[in-house]
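Asks: The following block contains the structure, expressed as structure tokens.
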2 protein chains.
Amino acid sequence: MDPNAEEPAPIVYIGQHESQREISVNSQLLGDAQSLGYDLLTAPITTTHFQSRVLAILADYVKLISESPLPDALPLPNISPLTPKDTDLSPEDSNSALIAVASSWIDLGSKDPLIAHISRQVFNAEVAYAAFVGISSILVQGPVQGSDVAQYSRAILEALSLGPYVQLHIVLPMTGELEMEGFDGEHLSELARKQYVVEEDEDDDGEPEPFGSWETWDTIRSVCSYSNKLTVALEVPRQLPFASIQSRWYSESIRLLLFPRTSFLRNAKGYPVLSKPHQQLFTRFLRLRFPPWLLLVDVDSIKPMEEAASGGAPLEPTPAESANSAEPQDPVSHLRYIRHLQQTQPSRPPMERFGQGYQDYIQSPLQPLTDNLESITYEVFEKDPVKYEWYERAVAAVLKDLRKKLGEQHEIVVAVVGAGRGPLVTRSLRASKSTGIPIRCCAVEKNPNAHVLIQRRNATDPLWNGQVLIYKSDMRAWPGPTVNGNVRQVDILVSELLGSFADNELSPECLDGVQHVLHPDHGINIPQSYSAHLTPIATPKLYSDLLTRPADDLWETPAVVMLHQYDDLCTIANASGERVPDVKEAWSFHHPIAPAILTHAFVRAGGASDAGGWTGGDGKNEHNVRSCKVSFKAQDRGVCHGLAGYFETVLYAPEDGSKKVELSTNPVMMKAKSEDMISWFPIFFPLKKPIFIPDEAEIEVSMWRQTDDRKVWYEWFVEVFAQGTKGKRMKVGGSELHSSKKNGCLM
Amino acid sequence: MDPNAEEPAPIVYIGQHESQREISVNSQLLGDAQSLGYDLLTAPITTTHFQSRVLAILADYVKLISESPLPDALPLPNISPLTPKDTDLSPEDSNSALIAVASSWIDLGSKDPLIAHISRQVFNAEVAYAAFVGISSILVQGPVQGSDVAQYSRAILEALSLGPYVQLHIVLPMTGELEMEGFDGEHLSELARKQYVVEEDEDDDGEPEPFGSWETWDTIRSVCSYSNKLTVALEVPRQLPFASIQSRWYSESIRLLLFPRTSFLRNAKGYPVLSKPHQQLFTRFLRLRFPPWLLLVDVDSIKPMEEAASGGAPLEPTPAESANSAEPQDPVSHLRYIRHLQQTQPSRPPMERFGQGYQDYIQSPLQPLTDNLESITYEVFEKDPVKYEWYERAVAAVLKDLRKKLGEQHEIVVAVVGAGRGPLVTRSLRASKSTGIPIRCCAVEKNPNAHVLIQRRNATDPLWNGQVLIYKSDMRAWPGPTVNGNVRQVDILVSELLGSFADNELSPECLDGVQHVLHPDHGINIPQSYSAHLTPIATPKLYSDLLTRPADDLWETPAVVMLHQYDDLCTIANASGERVPDVKEAWSFHHPIAPAILTHAFVRAGGASDAGGWTGGDGKNEHNVRSCKVSFKAQDRGVCHGLAGYFETVLYAPEDGSKKVELSTNPVMMKAKSEDMISWFPIFFPLKKPIFIPDEAEIEVSMWRQTDDRKVWYEWFVEVFAQGTKGKRMKVGGSELHSSKKNGCLM
């Protein structure tokens, strides 16, 4: 968790795939490949012998039905069991380094029942045999153009049940069609067409949808209930598609990145390299908590060692290769380049280093008001390179403004409420020192354990110098500091009570509760205000993670997560033309609040002033209720799995109008306001059921911060509207009302 | 359950509502209304005194903020507790006959936080007080034009929690706006607007959507999770909207039908009557298992008895009334007319009489193959006025055809397999008698209890005359009849194994299993074929019913239900131009099946012939696997809660091409093929999550009949596509893949 620790090179497993491997893969060939530096090899599950046998069965059947007066009276053909000639695979210890390749000449979603029947038999036999010999990773071609995706998906779902460890990786292009060979080649329908007339696809001949390949994947994984045994083997094409398509795939469950020959360029020396955009894509995927394996396709042809020495038949050169006549002799030049990239990855930003291992890991928000934190928790947060620095600046700015207002005679009282182990006390004292404005500093902490530490620190830290007034108290019950026998009013009330969604750790309620100690005329809160922000996201990873957990409540509990593998559904162009997420404000809080509102809350607490009391409280906290309705515009189709929440806060806005001291976790503002701050991960409001979002849809989010005087909770509700014919707005979907009332924050 | 039983007049509770009731409702007035024949009266929860008080609080507040330099520093106003002057209601035994009316001058969904704040306080105070005095039924105005439906819905959700017995009835128009007064009158925003400027609604000025009012309701009840404490109080307008809108409302949870003054016509004698379409609507709703209450609005003004004698101020006449000068003196002429309608309801069709009490009641499909039925179950089915008659016709037609083919010398062997208590034996013998073609009749029954009865019947029934050969056996293990020491082949195999979705009680598997006894050349099955049919429906009633049940499996189990309160989402015009549901065929089965297929199945059962065996079976029943993809077009927006399933069967198609003998539960074909047949209710395939269907959307249903040699189950998957801009087809939603595998039918 130390953001300053040295970073090792990421671990990457790299495999090699040949669409037409001429020799069978055995443990020796694998050993050869591994000694060249590859980790994995692909191996077809069945042989061409098997394919010929299946085609012969098909041919016999076609002959039979064409000669039969009653073709319907014939049973559909069966593929007889695999023979040793049908497969080169056997159970071997080395099989864990193999990726099996299911036959790609079948068509699981064929609209022709005969083809679909044969295809499913072939596929099931192959998956079952691969599982039997201990190969759990299986590369499977995506749906053939024109076949039924629902049928295809159901066949995949069935195959997932064929073994407890079966992992299917569906080979898909990022957009349009695959560039590489072997996964879109001649398929069973075409082979059959030569022998009898298969119903032609009534093809949609329109231009391909940029998100068509993604939508296919969405259907497959939806039918398979987001099974974690089902992932994508994504082809990286020569020309990368729009950033929005790349981002979408980045958020999906990608087990393998396939780099075909065409994805490589040649550098001046004739060595294979990746373009800058490809390198960026590579880097991005490598930073995932579980990076995909890489599969180099039809490059670095692996020969048995003895043969390699005599030089195998070279692959036909690509145009880029032909352009450069000086073909290097390194037999694994592609692998070597990728390993080089791996070793020279740029270092991660501090937040990612800090959060290493926490990416997309769901945590419950802290409840510091009801739970006492442990020292290590404080320690982690104290490492933030930005946050406390900014607090020090804010205190210094307030000190200057107050000195101007109150004159030198007034001893400024600074109270740090919720002092923890005292970092803000130190910062306040430093601000006093740097500005030369003396302060009387107090520290209030309810955690009896942390209280021990701040007393010790007061005694030992020369900056504290035994001068800090230390109180063990819930801030809401603290009467204020006593100086020379008199209770003094506080001039600056410093707190760090914000949660990932600003108010979700009850900062408003705590600060209301301690406001009575603040000087009513000139008292200042640091922070002065804060706001909650949100945007709809696609995050299949978190959705499938929540699916595997037993507790039902999880769907109605906002979670703290270092969001990593997700996609923003709604983006806007920023000033420099980049697409950034469209993060919108839900609501805000300001401190101190108007005394009349506090008084009113106090009166309501008695239950005398109003007709309330219906939903469990007297309404004493009703002034901290908030609600919003925020509308977002999606560009591209997608699936909404929930809302990402962030916050912004103004620690202090100097009275001379100079730059505000602000913190922000809002990805759009963070860089400008508090770059490299690491103390907060975003919050995530999940949706029980993912909602499909059509192209250019509007996403309307209604959200509430509710309270019943005992606790605070959130409610959220999402509606989706699309543009119908003639641009007419029409509802197309919506969520349930989600409520975290059961898991609300106790006041 | 006897379809021939006498039918009592339906029970209807009728209430009276006055938008401006000038006297307070107490038990005496209620007694007077009841002595006039009304069952229920409405009573406002709060008085005009309360309204004035709230408006004064609002006015004070508005004055305060307009004079304040810091309006944000003022707490929002509270409504102080109800005083005795604020309400006329008290706890009374008679309160159970009252419907409380919440104030309709508030605006719960107001976009103005002040108005929303006051409105929610007023509403919560009223609902809580009504619950306190023991009135659980509360009439609530729908969302005010221009207010936020999500906010409104959340306020309703909150109010539902104010008492365990609270029932909220949302007053809504069928389409467009309400006709009656009192629920769309001057509301708080307008009242406030006179005092300070409330943000004007940025109104959508487009033409009103015909299904707009329904869509509002859909949002409210979705936010409230289909709570069964939330229902509609639906206004019946003078001019009824399209049949499709009426049907939609019919499928919703309507607790009250409101008949305003304008919904009545005057007959020649000046008495209030309903138009024919209104009467039909009335009849339709009265046939629900739990018919709504009726509320007559602003008619039959109820006065205290002494005052009534001296004649109250007459209501201003409607145009229809003015047109007819001879106003009758009957003070409750509207009630009297409705009671008359109630007494003279047309009798129900046989299916409804038979199914009385079973409407929308979810049953598990029978599993006659694994469970032994009880005598009463047989008895119920034997009452069908159509089914056995049609079987007799079919046997007679087959006898004639076979006689022609085989000549008089051949003794025709008829085997009734699954004979139960013997109704088909009797029908076969009658067919023999009526055609004069002698038969040798056998009865095969596996149920040992039913076997007792058929033996007794053989001994006592003169028609049977001890001549029926009776076998106690599972038909699949029956070797065929032995006549004079020789095993004879069966000429006609009669069975009644169909379930609501044709093949769902394993008729195909049973008939395959007994086919070995059938004469291979001329043997005939009755039925010869059958097919499964389906159509998407909206059925909030079944959805909310399933929601209240604990078992998760229910969402993945097709249920037998007498579908009643539902709406067809996809309709087509039939030959006479009526809209009928678009019921489409999923698949079909024919008997006998080709011998080659049976042989093949037998060989597969040994596991020798194919590579299968992956999903739990050897594939011996794979020829009974089916799948389909069926596309439907919706006209109007709606919500799909599942699929209604039906069947059709050809008992026999005579060889001369004369009319086939058919049975059908398909609502489109039933009248033509087997009107008044009562033996089968439809089947219902639920969806876990309702899917919103935009106007003119396509609903694509993928469905599978699966088998693993041990059991048979169904899988279903729904996708929705709408027309985007430029008519481009776009996906807008979809279901999970549902599977009844866990609750499959055991073979």
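The values are calculated or read from the model by the stated rules, or taken from the named source; none is laboratory data. Remember, it's a predicted structure, so these values are computed and weren't measured experimentally. We place every Cβ from the backbone using ideal geometry, glycine too, and count neighbours over all the protein chains shown. Ligands, DNA and RNA are stripped out before the accessible areas are found, and what is left, the full protein with its side chains, is counted by its heavy atoms. Shrake-Rupley method; radii C 1.70, N 1.55, O 1.52, S 1.80 Å.
Asks: So, in segment B:599-624, of the ones that are within 9 Å of chain A (Cβ to nearest Cβ) and at pLDDT 85 or above, which residue ends up least open to solvent (accessible area, probe 1.4 Å)?
Replies: Out of the qualifying residues, it is B:ALA601.
Asks: Now a separate question. Please verify whether B:PRO667 is farther than 26 Å from A:GLU158 by Cα, over 19 Å from the mean Cα position of the chain (by Cα) and in a loop (DSSP other than H, G, I, E, B), treating the condition exactly as stated.
Replies: no
Asks: Next question, about the same structure. What is the residue count in segment A:261-300 for residues that are within 17 Å of A:ASP39 (Cβ to Cβ) and either over 33 Å from the mean Cα position of the chain (by Cα) or in contact (Cβ under 8 Å) with a residue 24 or more places away in the chain (or both)? Even if it seems obvious, please write down each step before you answer.
Replies: We begin by selecting, within segment A:261-300, every residue within 17 Å of A:ASP39 (Cβ to Cβ); these are A:282, A:285-286, A:290-297, A:299-300.
This time we only want the ones that are either over 33 Å from the mean Cα position of the chain (by Cα) or in contact (Cβ under 8 Å) with a residue 24 or more places away in the chain (or both), so: A:282, A:285-286, A:291-297, A:299-300.
Selection size over segment A:261-300: 12.
Asks: Moving to a separate point now. What number goes with the only condition from (1) small (Gly, Ala, Ser); (2) open to solvent by 40 Å² or more (accessible area, probe 1.4 Å); (3) part of a helix (DSSP H, G or I) that B:ALA59 does not pass?
Replies: Among (1) small (Gly, Ala, Ser); (2) open to solvent by 40 Å² or more (accessible area, probe 1.4 Å); (3) part of a helix (DSSP H, G or I), the lone unmet condition for B:ALA59 is (2).
Asks: Another question about this same structure. Within segment B:355-375, does at least one residue satisfy the condition of being outside the structural domain of B:TYR38 (by TED's automatic domain parsing), touching a Pro at 6+ places or on another chain (Cβ under 6 Å) and not charged (D, E, K, R)?
Replies: no
Asks: Select from segment A:512-523 the residues that are surrounded by fewer than 24 Cβ atoms within 10 Å (Cβ to Cβ) and either of a type outside the set (Asp, Glu) or not in a loop (DSSP other than H, G, I, E, B) (or both) and list them in ascending order. Spell out how you get there, then give the answer.
Replies: Pass one, segment A:512-523, residues surrounded by fewer than 24 Cβ atoms within 10 Å (Cβ to Cβ): A:512-513, A:515-523.
Scanning segment A:512-523 gives A:ASP512, A:GLY513, A:GLN515, A:HIS516, A:VAL517, A:LEU518, A:HIS519, A:PRO520, A:HIS522, A:GLY523.
Asks: Can A:ALA150 be described as open to solvent by less than 20 Å² (accessible area, probe 1.4 Å), of a type in the set (Gly, Ala, Ser) and within 9 Å of chain B (Cβ to nearest Cβ)?
Replies: Yes, satisfied.
Asks: Tell me whether segment A:210-225 contains one or more residues that are acidic (Asp, Glu), more than 27 Å from B:HIS738 (Cβ to Cβ) and in contact (Cβ under 8 Å) with a residue 60 or more places away in the chain.
Replies: No; the residues of segment A:210-225 include none that is acidic (Asp, Glu), more than 27 Å from B:HIS738 (Cβ to Cβ) and in contact (Cβ under 8 Å) with a residue 60 or more places away in the chain.
Asks: Follow-up question, since we're still on this one. For the list (1) of a type outside the set (S, T, N, Q); (2) open to solvent by 10 Å² or more (accessible area, probe 1.4 Å); (3) more than 22 Å from B:LEU369 (Cα to Cα), I need the number of the one condition that B:ILE537 fails.
Replies: With (1) of a type outside the set (S, T, N, Q); (2) open to solvent by 10 Å² or more (accessible area, probe 1.4 Å); (3) more than 22 Å from B:LEU369 (Cα to Cα) applied to B:ILE537, the lone miss is (2).
Asks: Also, quick follow-up: Within segment A:317-355, track down each residue that is of a type in the set (D, E, K, R) and modelled with pLDDT under 55.
Replies: Just the residues of segment A:317-355 that are of a type in the set (D, E, K, R), to begin with: A:321, A:327, A:330, A:336, A:339, A:348, A:352-353.
A:GLU321, A:GLU327, listed by residue number.
Asks: Return yes or no: is B:ASP93 at pLDDT below 95, charged (D, E, K, R) and assigned by TED's automatic domain parsing to the domain that holds B:ASP32? Quick ask: steps written out before the conclusion?
Replies: Details: at pLDDT below 95: yes; charged (D, E, K, R): yes; assigned by TED's automatic domain parsing to the domain that holds B:ASP32: yes.
When the stated conditions are applied, B:ASP93 passes them.
Asks: Now for a separate question. Residues being under 22 Å from B:ASP218 (Cα atoms), modelled with pLDDT under 95 and outside any helix (DSSP H, G or I): count how many of those fall in segment B:110-140.
Replies: Within segment B:110-140, residues that are under 22 Å from B:ASP218 (Cα atoms), modelled with pLDDT under 95 and outside any helix (DSSP H, G or I) number 2.
Asks: Let me ask something else about it. When only residues in segment A:697-716 that are assigned to a loop (DSSP other than H, G, I, E, B) and open to solvent by less than 20 Å² (accessible area, probe 1.4 Å) count, which is nearest to the other protein chains (Cβ to nearest Cβ)?
Replies: My answer is A:ALA697.
Asks: Can you report the number of residues in segment A:103-134 which are more than 10 Å from every other protein chain (Cβ to nearest Cβ), among the aliphatic types (A, V, I, L, M) and surrounded by fewer than 23 Cβ atoms within 10 Å (Cβ to Cβ)?
Replies: Residues that pass the stated criteria total 2.
Asks: Now, a different point. Go over the candidates B:PRO143, B:PRO91 one by one and state the one that is more than 13 Å from chain A (Cβ to nearest Cβ) and in contact (Cβ under 8 Å) with a residue 60 or more places away in the chain.
Replies: B:PRO143
Asks: So for segment A:267-276 (the condition being crowded, with 22+ Cβ neighbours inside 10 Å, within 14 Å of another protein chain (Cβ to nearest Cβ) and at pLDDT 95 or above), does at least one residue qualify?
Replies: First, pick out the residues of segment A:267-276 that are crowded, with 22+ Cβ neighbours inside 10 Å: A:272.
Next cut, within 14 Å of another protein chain (Cβ to nearest Cβ) only: none.
So far as segment A:267-276 goes, no, none of its residues is crowded, with 22+ Cβ neighbours inside 10 Å, within 14 Å of another protein chain (Cβ to nearest Cβ) and at pLDDT 95 or above.
Asks: Please enumerate the residues belonging to segment A:717-735 that are open to solvent by less than 40 Å² (accessible area, probe 1.4 Å), more than 7 Å from chain B (Cβ to nearest Cβ) and more than 14 Å from A:LYS633 (Cα to Cα).
Replies: Once the filter is applied, which keeps residues that are open to solvent by less than 40 Å² (accessible area, probe 1.4 Å), more than 7 Å from chain B (Cβ to nearest Cβ) and more than 14 Å from A:LYS633 (Cα to Cα), segment A:717-735 yields only A:SER735.
Residues checked against (1) modelled with pLDDT under 95; (2) within 11 Å of chain A (Cβ to nearest Cβ); (3) crowded, with 16+ Cβ neighbours inside 10 Å:
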| residue | (1), (2), (3) |
| --- | --- |
| B:VAL583 | no, no, yes |
| B:ILE597 | yes, yes, yes |
| B:SER627 | no, yes, yes |
| B:VAL639 | no, yes, yes |
| B:GLY642 | no, no, yes |
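Asks: Which of the residues belonging to segment A:697-711 are at pLDDT 95 or above and either among the polar types (S, T, N, Q) or more than 19 Å from B:TYR152 (Cβ to Cβ) (or both)?
Replies: A:ALA697, A:GLU698, A:ILE699, A:SER702 - these are the residues of segment A:697-711 that are at pLDDT 95 or above and either among the polar types (S, T, N, Q) or more than 19 Å from B:TYR152 (Cβ to Cβ) (or both).
Asks: Are any of the residues in segment A:672-692 at the interface with chain B (Cβ under 9 Å from one of its Cβ atoms) and either open to solvent by 30 Å² or more (accessible area, probe 1.4 Å) or under 30 Å from A:ILE492 (Cβ atoms) (or both)?
Replies: Within segment A:672-692, one or more residues are at the interface with chain B (Cβ under 9 Å from one of its Cβ atoms) and either open to solvent by 30 Å² or more (accessible area, probe 1.4 Å) or under 30 Å from A:ILE492 (Cβ atoms) (or both).
Asks: Let me ask something else. Restricting the first residue to segment A:59-75 and requiring it to be in contact (Cβ under 8 Å) with a residue 12 or more places away in the chain and on the phi < 0 side of the Ramachandran plot, which pairs with a second residue that is of a type in the set (Phe, Trp, Tyr) and open to solvent by less than 90 Å² (accessible area, probe 1.4 Å) meet a Cβ separation below 7 Å and a spacing of at least six or different chains?
Replies: Final answer for the pair search is A:VAL62/A:TYR196; A:SER66/A:TYR196.
Asks: Looking only at segment A:223-265, which residues are within 24 Å of A:ILE138 (Cβ to Cβ), open to solvent by less than 40 Å² (accessible area, probe 1.4 Å) and assigned to a loop (DSSP other than H, G, I, E, B)?
Replies: The answer is A:CYS224, A:TYR226, A:SER227, A:VAL236, A:PRO237, A:GLU252.
Asks: Six or more apart or on different chains, Cβ atoms under 7 Å: show the pairs whose first residue is in segment B:517-536 and more than 20 Å from B:LYS584 (Cβ to Cβ) and whose second is of a type in the set (Val, Ile, Thr) and not in a strand (DSSP E or B).
Replies: Matching pairs, first to second residue: B:ILE524/B:VAL398; B:ILE526/B:VAL395; B:ILE526/B:VAL398.
Asks: If B:SER153 satisfies all but one of (1) touching a Leu at 6+ places or on another chain (Cβ under 6 Å); (2) modelled with pLDDT of 95 or more, what's the number of the condition it fails?
Replies: (1)
Asks: Within segment A:467-477, is there a residue that is of a type in the set (S, T, N, Q) and in contact with a strand residue (DSSP E or B) (Cβ under 9 Å, 6 or more places away or on another chain)?
Replies: Checking segment A:467-477: at least one residue is of a type in the set (S, T, N, Q) and in contact with a strand residue (DSSP E or B) (Cβ under 9 Å, 6 or more places away or on another chain).
Asks: Also: Taking segment B:328-366, which residues are open to solvent by less than 50 Å² (accessible area, probe 1.4 Å), part of a loop (DSSP other than H, G, I, E, B) and more than 30 Å from B:ASP298 (Cβ to Cβ)? Break it down stepwise before answering.
Replies: Looking only at segment B:328-366, we keep the residues that are open to solvent by less than 50 Å² (accessible area, probe 1.4 Å), and these are B:328, B:330, B:332-335, B:337-338, B:341-342, B:345, B:348, B:350-352, B:354-355, B:357, B:359-360, B:362, B:365.
Still in the list and also part of a loop (DSSP other than H, G, I, E, B): B:328, B:330, B:332, B:345, B:348, B:355, B:357, B:360, B:362, B:365.
Passing the criteria: B:ARG348, B:GLY355, B:GLY357, B:ASP360, B:ILE362, B:PRO365.
Asks: Cβ-Cβ under 7 Å, sequence separation 6+ or interchain: first residue in segment A:698-711 and assigned by TED's automatic domain parsing to the domain that holds A:VAL583, partner buried (at least 22 other Cβ atoms within 10 Å of the Cβ) and small (Gly, Ala, Ser). Which pairs?
Replies: Going by the 7 Å Cβ cut-off, the qualifying pairs are A:ILE699/A:ALA634; A:SER702/B:ALA150; A:MET703/A:ALA586.
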